[in-house]
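The values are calculated or read from the model by the stated rules, or taken from the named source; none is laboratory data. Not measured: the values here are computed from a predicted model. Because the Cβ atoms are built from the backbone with ideal geometry, glycine has one as well, and the counts that use them run over all protein chains shown.
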Amino acid sequence: MLNTRYSGNAYEHFFLPHLSSDQVKDIPKEKALAVLHIGAVEQHGKHLPTFTDTLIGEGLLAKTFEKFTREDNIWLLPSIPYGKSTEHLYHSGTFSLSALTLQNILMDLGKSTANNGFRRLLILNTHGGNNDLLNMMARDIRVETGLMVFRLNPYSEKTKTLITEEEAEYGIHGGDVETSMVLDFKKNWVDMNLAAKDFFNFPENKTSLNLKGNRYFAWMAEDISKTGIAGDARKATMEKGKEINENISDFMAETFLEMADFEIDDLKK
């Protein structure tokens, strides 16, 4: 039976493990970019699959690679479907790597990328809980291997025009945006009858604190949510998801091409 998961342009033409050993060896590596996606398996409320973050990443990559030709020399590695999801550990369906395990996986794959002759590695992330560790590891891999290492979280400013201000500010998990995106990629995996609204109550007099950025405090999912989500999933639609996914994949394609052409030595005057 045909495995449709590995069909489409991304997997038929740009999936590096699709090639033989000799074919990988013969890739011109001077401008080649290897793309490694890190997702997660973790709770996303009652209405979304625990595979949401990885599914979104794989779906965006499939759309992004539709925009490339072989001449672009951008290559897709298999996704790592697990991430550092310790903030969701007390919820069923969460399967998390420890920080040390994920660090070791990333370093080993970074070394393998360099050993295969590549000069550029992109670490693409679709789970917010991975951010700090991936930023640290991007630099460590650069130090250890000499690779030019890039980091990217898929995003498009156009998304803000499709959602409420409250969602844009506080809809960080399983809300309107993620639910809409999954509706586009895998509608039958979403139960909109169970979609909820749940925004954390951030004190107005604590404006110097935040859940992310440089005014950060540590939190677990149960600290900020009764349902496991943060956002209003009830507003999600498949049509909105299609527009969000197309906008983000346009951004990703443009960014990938810039990375493939980037030379870090050019930064020195």
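Is it the case that some residue within segment 73-88 is without any contact (Cβ under 8 Å) to a residue 40 or more places away in the chain and either within 29 Å of ALA233 (Cα to Cα) or not in a helix (DSSP H, G or I) (or both)?
No, the conditions are met nowhere in segment 73-88.
Within segment 10-25, does at least one residue satisfy the condition of being out of contact with any strand residue (DSSP E or B) (no Cβ under 6 Å at 6 or more places or on another chain), outside any helix (DSSP H, G or I) and touching a residue at least 60 places away in the same chain (Cβ under 8 Å)?
no
When both residues are 6+ apart or on different chains and their Cβ atoms are under 9 Å apart, which pairs have a first residue that lies in segment 233-260 and is farther than 16 Å from PHE65 by Cα, and a second that is of a type in the set (Phe, Trp, Tyr) and buried (at least 17 other Cβ atoms within 10 Å of the Cβ)?
Once the first residue is farther than 16 Å from PHE65 by Cα and sits in segment 233-260, its partners that are of a type in the set (Phe, Trp, Tyr) and buried (at least 17 other Cβ atoms within 10 Å of the Cβ) give GLY241/PHE185.
Go through ASP140, ASP191, ASP184 for me and flag whichever is among the acidic types (Asp, Glu), under 30 Å from ASP261 (Cα atoms) and modelled with pLDDT of 95 or more.
Among ASP140, ASP191, ASP184, only ASP140 is among the acidic types (Asp, Glu), under 30 Å from ASP261 (Cα atoms) and modelled with pLDDT of 95 or more.
Based on this model, can you work out whether LEU121 counts as of a type outside the set (Lys, Arg), touching a Ser or Thr at 6+ places or on another chain (Cβ under 6 Å) and closer than 20 Å to SER79 by Cβ?
When the stated conditions are applied, LEU121 passes them.
Can we say ASN130 is crowded, with 19+ Cβ neighbours inside 10 Å and in a helix (DSSP H, G or I)?
So ASN130 fits the description; yes.
Which members of segment 143-199 meet the condition of being among the hydroxyl-bearing types (Ser, Thr, Tyr) and either in a helix (DSSP H, G or I) or more than 28 Å from LEU36 (Cβ to Cβ) (or both)?
THR145, THR159, THR161, THR164, TYR170, THR179, SER180
Would you be able to say whether some residue in segment 67-89 is of a type in the set (Lys, Arg) and surrounded by fewer than 22 Cβ atoms within 10 Å (Cβ to Cβ)?
Yes, there is a match, as at least one residue in segment 67-89 is of a type in the set (Lys, Arg) and surrounded by fewer than 22 Cβ atoms within 10 Å (Cβ to Cβ).
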